[in-house]
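**Q** Got a structure for you, questions after.
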Amino acid sequence: MAMTSLGQAQTSPFKGPVNLGDDAKGASVLILGAGVAGLTAAYELRRAGYKVQVQV
C-alpha cells in the first residue's frame, strides 16, 4: 500500500490463473534471489518448460 500511495505501484486488473505453458520452448528466465518465493518461481517455471537460472 505504501508504494501505491507514492504512485510507484498499481493493483493489477488481471483476474484468473497464469498460463505459463504456451511459449516456453527456448525461453529463459533469470530469478534474482533464492528465498522461498524465488525458489518456488524457479520450480514452477522449470515445470512449465522454461530454462531457469537462480542468482543468489
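The values are calculated or read from the model by the stated rules, or taken from the named source; none is laboratory data. Owing to the predicted nature of the structure, the values given are computational and were not obtained by experimental measurement. Positions of Cβ are backbone-derived with ideal geometry, glycine not excepted, and every protein chain shown enters the neighbour counts. What goes into the accessible areas is simple: the full protein's heavy atoms, side chains included, and nothing from ligands, DNA or RNA. Shrake-Rupley method; radii C 1.70, N 1.55, O 1.52, S 1.80 Å.
**Q** What residues have an amide H closer than 5 Å to that of Val54, excluding those fewer than 5 places away on the same chain, when H is modeled at 1.01 Å from N in the peptide plane?
**A** Ile31
**Q** Given (i) 17, 26, 27, 19, 8, 3; (ii) 28, 43, 22, 7, 1; (iii) 21, 33, 36, 10, which label gives P(r) over Cα pairs in 10 Å bins from 0, in percent as computed from the coordinates?
**A** Comparing each candidate, only (iii) matches the computed number.
**Q** Subtracting the Cα-Cα distance from 0.36 nm times the residue separation, let me have the gained length for Arg46 to Ser5 in nm, one decimal. Show your work: numbers first, answer last.
**A** On the way: separation 41, 0.36 × 41 = 14.76 nm, distance 3.51 nm.
Full extension of this stretch gives 11.3 nm more.
**Q** Now a separate question. Using a probe of 1.4 angstrom, how much of the accessible area of the chain is carbon and sulfur, in percent? Before the final figure, lay out each step's value.
**A** On the way: 2840 of 4870 Å².
The C+S portion of the solvent-accessible surface of the chain is 58 percent.
**Q** Sorted by average packing, counted as other Cβ atoms within 10 angstrom per residue and highest first, what order do 26-38, 4-16, 43-55 take?
**A** Numbers: 26-38: 11.8, 4-16: 7.3, 43-55: 14.0.
So the order, starting with the most tightly packed, is 43-55, 26-38, 4-16.
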